[in-house]
Amino acid sequence: MPKITIQDFLKKKAEGKKITMLTAYDYPFAQIVDEAGIDAILVGDSLGMVVQGLENTLPVTMDEMIYHTKLVSRGVKNAMVIGDMPFMSYQTGVADAVRNAGRFLKEAGASAVKLEGGAEVADQIRAMRRSDIPVMAHIGLTPQSVHRMGGYKVQGKTDEAAGRLIEEARIAEEAGAFSLLLEAIPLGLAKKITEEVSIPTIGIGAGPHCDGQVLVLHDVIGMFERFVPKFVKRYANLKETALKAVRDYREEVEKGVFPSEETSFK
Ligand code: KIV
């Protein structure tokens, strides 16, 4: 099977087929996500919280994102790898945005990038598009704006806020985004945006009417417990499985059961 491209994203929307996306941050999990047939892997700056143990995503650096994107790219055969632009890698201007987005493609094996925002980053999206860097925009709850938003809250709840998000979606499309991530917005609003734009929408906490869905892998497999948003569905509890394995190992070493004769050299 050939690598998934942005054309496949557009084709899926046209054919009414759902696009699947998950995050991953390293080689072994990227292999699992790819082998399971997921269309796209987002190397999200959520790694700051689920891998680095940070309070929010703001401290994550470009070099860290490049490092993790390289690990993911090595584990992938088919999925599209999308690098997430960290806080202050694109807000500071168009030249910074293009230079940093280019690093994901040039150094880390990604075929697209994602940035947070719509209207306020339209110039950056336009410039990336001119540089042949496919870009996904991200509107609704944008975690890099946690301080302005006063927390991780559902967005677009009033008519005025909903209207603003529809306008943001149009601007992002007009600027040249190939896809639009919608985070934590009411399902009716996500449906409306999905119908209004010709580019695919990928939802997280945005209901079932988006063209595709994304979740944070560590939420899906039960590896992150600090908080579980309402929109998450946990499909496994790997933390419990890993904890049991490590406890069993400790007990066997303490009792002298491991290593046995079979696991020893003669
Ligand atoms: O950083 C991230 O993982 C994200 C999520 C919304 C998928 O942006």
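The values are calculated or read from the model by the stated rules, or taken from the named source; none is laboratory data. All figures in this text were calculated on a predicted structure; none of them were measured in a lab. Please note: Cβ atoms are built from the backbone with ideal geometry, for glycine as well, and neighbour counts cover all protein chains shown. What goes into the accessible areas is simple: the full protein's heavy atoms, side chains included, and nothing from ligands, DNA or RNA. Shrake-Rupley method; radii C 1.70, N 1.55, O 1.52, S 1.80 Å.
Tell me the Rg and the Dmax, in Å, that the Cα atoms of the chain produce.
19.9, 76
Going by the alpha-carbon gyration tensor, a ≥ b ≥ c the square roots of its eigenvalues, is the range 133-195 rounded (a/c under 1.5) or, if a/c is not under 1.5, prolate (a/b greater than b/c) versus oblate? Spell out each step's value before the answer.
Working: a/c = 1.98, a/b = 1.24, b/c = 1.59.
Note, shape of the range 133-195 comes out oblate.
Quick query: amide H of Leu181 versus all other amide H atoms, modeled in the peptide plane; which residues come in under 5 Å with a sequence gap of 5 or more or a different chain?
Ala137, His138, Ile139, Ile202
May I ask you to rank Thr241, Thr201 by accessible area, largest first, using a 1.4 Å probe over the protein chains only? Mind dumping the intermediate values first?
Numbers: Thr241 90, Thr201 0 Å².
Descending accessible area places them as Thr241, Thr201.
Specify the inter-centroid distance of the range 84-160 and the range 182-209, based on alpha-carbon positions, in whole Å.
Cα centres, the range 84-160 to the range 182-209: 18 Å.
Using 7 Å Cα-to-Cβ label points, what is the Glu195/Glu251 separation (nm, one decimal)?
5.7
Specify whether the C-alpha gyration tensor of the range 1-136 places it in the rounded, prolate or oblate class, a ≥ b ≥ c being the square roots of the eigenvalues: rounded for a/c under 1.5, otherwise prolate if a/b is larger than b/c and oblate if not. Let's see the in-between values first.
On the way: a/c = 1.71, a/b = 1.14, b/c = 1.50.
In terms of gyration-tensor shape, oblate.
To the nearest 0.05, what FRET efficiency results for Lys3 and Arg130 with a Förster distance of 25 Å applied to their C-beta separation?
On the way: r = 23 Å, r/R0 = 0.94.
The formula returns an efficiency of 0.60 here.
If I histogram all Cα-Cα distances within the range 142-266 using bins 10 Å wide from 0, what percent of pairs lands in each bin?
11, 30, 23, 13, 9, 9, 5, 0
Within the chain, what's the longest stretch lacking GluC sites (Glu not before Pro) that sit in DSSP loops with no more than 12 other Cβ atoms inside 10 Å? Mind dumping the intermediate values first?
Values: sites that count: Glu55, Glu225, Glu261, Glu262.
By the stated rule (loop sites, at most 12 other Cβ atoms within 10 Å), 56-224.
Pairs of alpha-carbon atoms within less than 8 angstrom and 6+ residues apart define the contacts here; what relative contact order does the range 1-159 have, in percent? Walk me through the intermediate numbers first.
Values: 269 pairs, mean separation 29.6, N = 159.
After rounding, I find 19 percent.
May I ask you to give the percent of accessible area on the chain that is carbon plus sulfur, with a probe radius of 1.4 Å? Show your work: numbers first, answer last.
Working: 7530 of 13450 Å².
Looking at the chain in its full context, I get 56 percent from C and S.
Taking the range 192-266, which chymotrypsin sites (Phe, Trp or Tyr not before Pro) meet the DSSP loop condition and have no more than 15 other C-beta atoms within 10 Å? Before the final figure, lay out each step's value.
On the way: sites: Phe224, Phe227, Phe231, Tyr235, Tyr249, Phe265; in loops: Phe224, Phe227, Phe231, Tyr235, Phe265.
For chymotrypsin sites (Phe, Trp or Tyr not before Pro) across the range 192-266 that sit outside H, G, I, E and B with at most 15 neighbouring Cβ atoms in 10 Å, the list reads Phe227, Tyr235, Phe265.
Specify whether the C-alpha gyration tensor of the range 170-241 places it in the rounded, prolate or oblate class, a ≥ b ≥ c being the square roots of the eigenvalues: rounded for a/c under 1.5, otherwise prolate if a/b is larger than b/c and oblate if not.
Working: a/c = 3.21, a/b = 2.42, b/c = 1.33.
Prolate.
First measure r as the distance between the Cβ atoms of Leu58 and Glu261, then evaluate 1/(1 + (r/R0)^6) with R0 = 45 Å and state the FRET efficiency to the nearest 0.05.
Numbers: r = 53 Å, r/R0 = 1.18.
FRET efficiency, Leu58 to Glu261: 0.25.
Keeping every protein chain present and rolling a 1.4 Å probe, give me the accessible area per residue for the range 6-235 in Å².
Working: 10080 Å² over 230 residues.
Spelled out: the 1.4 Å probe surface of the range 6-235, per residue, equals 44 Å².
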